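What follows is a short report on a single structure.
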Amino acid sequence: MLVKESTGGRKLMGRFEHGADLLQALEELVEKEGIKAGALSLIGAVQEARVAFFDQASKEYKTIEFPASMEILSCIGNISLKDGKPFAHVHIVLGDKEGRVWGGHLLPGTKIFAAEFVIEELEGVHLEREYDAMTSLALWQK
């Protein structure tokens, strides 16, 4: 088990620009703000989305594309370091016009209609993602 305790940190709230790539906007914000560890949540809507499902048997991500507008019912994630740079690991749950729910690991190519975020910086925490041979994922190692 790996456990880290935070000594505080900032809380940022805001909204991303219409038409921006959601993952890119998140990563640019955490880079600009110098956030190296944190938690995030977000609500809003997308014009189109790309998510992934990690197939544990093949140890590969399978991409799922949604070319239509959808509501962001939940979007949560964390921020840590990967290859020495801030990295946002984000999962998103989307609802379509029929009330069906879809979700997965947020990928580039998810275009924002409207998106409001809360990011909580966790100071005093150092978490770095490195390759884990058991899962084939980049997991927190330090």
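The values are calculated or read from the model by the stated rules, or taken from the named source; none is laboratory data. Because the structure is a prediction, the values reported are computed rather than measured. Don't worry about glycine lacking a Cβ; one is built from the backbone with ideal geometry, like all the others, and counts go over all protein chains shown. Each accessible area value is taken on the protein alone, full model and side chains, heavy atoms only, with ligands, DNA and RNA left out. Shrake-Rupley method; radii C 1.70, N 1.55, O 1.52, S 1.80 Å.
Computed values, structure above
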read-out	value
Any chance VAL30 is open to solvent by less than 30 Å² (accessible area, probe 1.4 Å), outside any loop (DSSP other than H, G, I, E, B), modelled with pLDDT of 95 or more and closer than 15 Å to LEU94 by Cβ	no
Exclusive hit being without any contact (Cβ under 8 Å) to a residue 24 or more places away in the chain and among the acidic types (Asp, Glu), set GLU33, GLU5, GLU28	GLU28
Among (1) in contact (Cβ under 8 Å) with a residue 60 or more places away in the chain; (2) within 17 Å of the chain's Cα centre (by Cα); (3) more than 23 Å from VAL3 (Cβ to Cβ) - the single one LYS59 does not satisfy	(2)
Given (1) free of Cβ contacts under 8 Å to residues at least 12 places away in the same chain; (2) touching a Ser or Thr at 6+ places or on another chain (Cβ under 6 Å), number of the condition ALA133 does not satisfy	(2)
Residue within the stretch 84-93 that is in a loop (DSSP other than H, G, I, E, B), modelled with pLDDT under 95 and exposed (fewer than 15 other Cβ atoms within 10 Å of the Cβ) present	yes
Selection within the stretch 115-142 - among the hydrophobic types (A, V, I, L, M, F, W, C) and open to solvent by less than 30 Å² (accessible area, probe 1.4 Å)	ALA115, PHE117, ILE119, VAL125, LEU127
Among the residues listed as ALA68, ALA45, ALA39, the single one being in contact (Cβ under 8 Å) with a residue 24 or more places away in the chain, of a type outside the set (Asp, Glu) and either under 30 Å from GLY8 (Cα atoms) or in contact with a Leu (Cβ under 8 Å, 6 or more places away or on another chain) (or both)	ALA39
Any hit, the stretch 96-114, residues being in contact with a strand residue (DSSP E or B) (Cβ under 8 Å, 6 or more places away or on another chain), among the hydroxyl-bearing types (Ser, Thr, Tyr) and open to solvent by 40 Å² or more (accessible area, probe 1.4 Å)	no
Residue tally, condition outside any helix (DSSP H, G or I) and open to solvent by 90 Å² or more (accessible area, probe 1.4 Å), over the stretch 5-25	7
The stretch 33-70, subset among the hydroxyl-bearing types (Ser, Thr, Tyr) and in contact with a strand residue (DSSP E or B) (Cβ under 8 Å, 6 or more places away or on another chain), residue least open to solvent (accessible area, probe 1.4 Å)	SER41
